[in-house]
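Structure first, then comments.
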Amino acid sequence: MQIHAGERFEFGENWSRFLSVLDGERIDEAKKSLISMLGVESLTGKTFLDVGSGSGLFSLAARLLGARVTSFDFDPKSVACARELKRRYFDGDSNWLIHEGSVLDKDFVVTLGTFDIVYSWGVLHHTGEMWHALENVVASVASEGQLFIAIYNDQERISERWAALKKIYCSGFWGRQIVKAICIPYFVFPAFALDLYKRRNPLKIYSDYKKQRGMSKLHDWYDWLGGYPFEVAKPEEIFDFYRKRGFELRRLITCGGGLGCNQFVFVKC
């Protein structure tokens, strides 16, 4: 209903298309990104909760690394993506559970139990109630467990303009065409011109992008343009929020004050 009313982007539709380009190299990059950020070599013996599992790629990566995985998403098509990846790689596996549910539903989240690793990359700021979502994942983290989240950086006026464009994008067919006509050239042409000037292959940026968590640049563009609801936070706001709830910051990667997500790994003390 929210999608048809122009209040929410249909993330699952975009992730369904992403599965058509998912290959072993992308899966390996997703595994590397988890290992690097969490500071481990394996997830064997660990429990892993994927909050807003999207394409299911990182649930799959965690399972391949040895974790017992629970995935959930609000979008039925995203849930279907995770189930498709489970069918392809771990059909019938009892150590990978997949649910449809909302992180805003605290009763639902609590029924899932506690986990050694709670992962939610680029999700909680799309719920429409980001601080509520950030609060609800607290109870899911086991004592001495890790919370790995990524939240859009607050660029103030720039973020406000992006929020307005995203709302237009989600308003219907013509809204999508208007925003794409404005933003796709904004994304493509400056980088294309720079590559030509430096005599680099202008298409290489698309093939190399899979090295960023195994993702696809084209699908990430549409995820960015349509990603509504849209909320942001400064790194210090996220740090203070979780410090007050008994978490210690273990690792932080910022986007340098620009466009993108700041990544946090907290440990529950």
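Across the chain, C-alpha contacts under 8 Å between residues 6 or more apart give a mean separation that, scaled by the residue count, equals a relative contact order of 22 percent. Between the helical axis of 24-38 and the dominant principal axis of the chain, each derived from Cα atoms, what acute angle in degrees is found, rounded to the nearest 10? The helix 24-38 is inclined about 60 degrees to the chain. Compared with the dominant Cα axis of the chain, that is its longest principal axis, helix 217-226 is turned about 90°.
Net charge in the neighbourhood of Gly257 (other residues with Cβ under 11 Å of its Cβ; Lys, Arg +1, Asp, Glu -1) is -1.
Most simply put, the chain has about 40% antiparallel DSSP beta bridges, counting only bridges with both residues inside it.
Return the subset of Lys32/Lys234; Lys180/Lys244; Lys106/Lys180; Lys77/Lys180; Lys166/Lys244; Lys31/Lys167 for which the Cα-Cα distance in this structure is over 29 Å, preserving the input order. From the list (Lys32/Lys234; Lys180/Lys244; Lys106/Lys180; Lys77/Lys180; Lys166/Lys244; Lys31/Lys167), the Cα-Cα distance tops 29 Å for Lys180/Lys244; Lys106/Lys180; Lys166/Lys244; Lys31/Lys167. Note on the chain: helix-only mean residue ellipticity at 222 nm, from DSSP H runs of 4+ residues weighted -39500 (n - 2.57) and normalised by residue number, equals -13500 deg cm²/dmol. Springs between Cα atoms under 10 Å define the GNM used for the chain, and in it the highest mean-square fluctuation of Lys234, Lys166, Lys77 occurs at Lys234. You can think of it this way: the chain between Phe173 and Phe108 has 20.0 nm of extra reach, that is 0.36 nm per residue less the Cα-Cα gap.
R0 = 22 Å: FRET efficiency of Lys180 with Leu19, Cβ-based, nearest 0.05? Computed FRET efficiency for Lys180 and Leu19: 0.50. Using a Gaussian network model of the chain in which every pair of alpha carbons under 10 angstrom is joined by a spring, one finds that among Arg245, Arg17, Arg157 the greatest mean-square fluctuation is at Arg157. A Förster distance of 45 Å, applied to the separation of the beta-carbon atoms of Thr44 and Arg243, puts the FRET efficiency at 0.90.
What's the local net charge at Lys180, with K and R +1, D and E -1, over the other residues with C-beta under 14 Å away? Counting the neighbours of Lys180, the net charge comes to +1. Between Glu129 and Asp91, what FRET efficiency follows from the Cβ-Cβ distance if R0 is 22 Å, with the result rounded to 0.05? Calculated value: 0.05.
Here, each number is a calculation from the coordinates, and none is a lab measurement. The model shown is predicted, which means the values in this text are computed figures rather than measured ones. Glycine gets a Cβ as well: all are built from the backbone with ideal geometry, and neighbour counts include every protein chain shown.
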